[in-house]
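Reading through the structure tokens given below for one structure.
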Amino acid sequence: MKKTQIVVVGGGAGGLELVRKLGAYFGRDRYDVILIDKNRTHIWKPLLHEVAAGSLDANLDEVGFGGHGARWGYRFFYGAFEGIDRERRVVRTSPLLDENGDEIIGAHEIRYDYLVLAVGGTSNDFGIPGVSENAMFLENRLQADQFRSKLLNACFRVSHAVATGNEDASVNLVIVGGGATGVELSAELHNAARGLRNYGLEVFDESRLKVTLIEAGGRILPALPEKLADAATDELRALGVQVRTDTVVAEVGDGFVETKDGDSLVADITLWAAGVRGHEYLNELDGLSTDRLNRLVVNAHLQTTMDERIFAIGDCASFTPPGTDRPLAPRAQAAHQMASAVFTNIRAMVENKTLQPFVYNDRGSLVSLSRFSTVGSLMGNLIGGKMAVEGRLARIAYQSLYRLHLFAIHGWLRGAILILIGHANRIARPNLKVH
């Protein structure tokens, strides 16, 4: 008997949680749950700023899809998503090549009865000249590793320059985007730079790392109450970060960032974290509807509006809550809630039951300024977003977000074990990854 095939494209937070639930519920006898991803491992995206700064060794926290699938009853297919054929109900993957250009896996077609697109988003460069050619991004593990490597090389150069008599040598780093990624990375870099003297850079300290954070809006962290955003700004400035708001970038060049007000900033490294949009290829997915940011438009059940057998979740989905006129912002908590909703609705479709509308519950926002501070708002729209938290309570809440993610993808028992292992690693492992 031919199995019912449920295909999920994308192993981010939402996609990985979904295949775990689907595999555990349906099993392998009459169903085939398949995860497609061009990477072999998963790391939680909110941790990437720590990987980039060297504060976190991603090898200790990443999840291998193959082993995870064997445990939870789904199958992992290593491939790069290329497109779909809705009439034939197949997903197409393009060939995967190694670093020498040799083919690892050829093009494939994978049949589906139900399809979930969880392919995430990509950085929005807003058409600004030079961004794609000269800026770095922080969308995945590879980019985080590349950023850390480039940063360490720049720090070693400056350390050597200082040791040979150039007292004014410094690393100039410009971060564009005052959202959570830009703010958290700014603080994490200061923490990492402070510790580099213990890892072979005896004459390098945080004063040699000149970080400028640029935000086009009137303040950083627009998702938080103004009071907390102001507190975060004060904290960053106390760390030495130059925070520039109401500053629009006009061009990113090789070694500089030019603003619309005529300033030209020296930039040994430029990190772009100014917004998220859908991948360009989503506009060409066999007639599926997209919004102005290339995200797939979905209905109340998170089905694409042109095909009820195809769902979309996470950063690639454009869902507008009832009574509002703006789609949900790309956030980890939205992807988590969407994964649960689509699991419920795929079960309902398979079992000929009524689908349930997706109801988004804003549980607030939390931002960590490395070990220096944590700020945020809890409960979100449940209490009007007015429960501001700072300090230790906010830090505990922030740490709980990752723990909830571990429980979602590993289950309670294995998740709890991994949390304990994480505590042990923080004691036994070096504080910085400098290789």
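The values are calculated or read from the model by the stated rules, or taken from the named source; none is laboratory data. None of the values given here were measured: they were computed from a predicted structure. Ideal geometry is used to build each Cβ from the backbone, glycine not excepted, and the neighbour counts take in all protein chains shown.
Might you let me know whether segment 63-71 holds any residue that is buried (at least 19 other Cβ atoms within 10 Å of the Cβ), touching a strand residue (DSSP E or B) at 6+ places or on another chain (Cβ under 6 Å), among the hydrophobic types (A, V, I, L, M, F, W, C) and over 25 Å from PRO330 (Cα atoms)?
No, the conditions are met nowhere in segment 63-71.
Give segment 35-55 a look and list any residue that's charged (D, E, K, R) and touching a Phe, Trp or Tyr at 6+ places or on another chain (Cβ under 8 Å), or say none.
Residues of segment 35-55 that are charged (D, E, K, R), as a first pass: 37-38, 40, 45, 50.
Once the filter is applied, which keeps residues that are charged (D, E, K, R) and touching a Phe, Trp or Tyr at 6+ places or on another chain (Cβ under 8 Å), segment 35-55 yields ASP37, LYS38, ARG40.
Tell me which strands (runs of 3 or more DSSP E) are completely within segment 154-256 and hold 1 or more residues being out of contact with any His (no Cβ under 6 Å at 6 or more places or on another chain) and either of a type in the set (D, E, K, R) or at pLDDT below 90 (or both), or say none if there are none. Walk me through it before giving the result.
Working: elements: 171-176, 209-214, 242-244, 249-253.
Per the criteria, 209-214, 242-244, 249-253.
Within segment 89-103, is even one residue modelled with pLDDT under 95, within 15 Å of HIS42 (Cα to Cα) and in a strand (DSSP E or B)?
no
Out of segment 274-326, which residues are more than 18 Å from the chain's Cα centre (by Cα) and hydroxyl-bearing (Ser, Thr, Tyr)?
Passing the criteria: TYR281, SER289, THR290, THR304, THR305, THR320, THR324.
Of the residues LEU18, LEU35, LEU47, LEU96, only one is aliphatic (A, V, I, L, M), buried (at least 17 other Cβ atoms within 10 Å of the Cβ) and farther than 26 Å from ARG347 by Cβ; which?
Numbers: LEU18 fails: farther than 26 Å from ARG347 by Cβ; LEU35 fails: farther than 26 Å from ARG347 by Cβ; LEU96 fails: buried (at least 17 other Cβ atoms within 10 Å of the Cβ).
One residue alone meets the criteria, LEU47.
Could you say whether any residue in segment 344-355 is under 21 Å from the mean Cα position of the chain (by Cα) and either part of a loop (DSSP other than H, G, I, E, B) or modelled with pLDDT of 95 or more (or both)?
At the first step, the residues of segment 344-355 found to be under 21 Å from the mean Cα position of the chain (by Cα) are none.
No, segment 344-355 contains no residue that is under 21 Å from the mean Cα position of the chain (by Cα) and either part of a loop (DSSP other than H, G, I, E, B) or modelled with pLDDT of 95 or more (or both).
Among the residues that make up segment 43-53, is at least one of them more than 23 Å from LEU151 (Cα to Cα), in a helix (DSSP H, G or I), touching a residue at least 24 places away in the same chain (Cβ under 8 Å) and assigned by TED's automatic domain parsing to the domain that holds ALA332? Lay out the reasoning, then the answer.
To start, the set of residues in segment 43-53 that are more than 23 Å from LEU151 (Cα to Cα) comprises none.
No, segment 43-53 has no match at all.
Evaluate the following for ILE36: is it over 17 Å from the mean Cα position of the chain (by Cα), modelled with pLDDT of 95 or more and among the hydrophobic types (A, V, I, L, M, F, W, C)? Talk me through it step by step, then tell me what you get.
Details: over 17 Å from the mean Cα position of the chain (by Cα): yes; modelled with pLDDT of 95 or more: yes; among the hydrophobic types (A, V, I, L, M, F, W, C): yes.
Spelling it out, ILE36 is indeed over 17 Å from the mean Cα position of the chain (by Cα), modelled with pLDDT of 95 or more and among the hydrophobic types (A, V, I, L, M, F, W, C).
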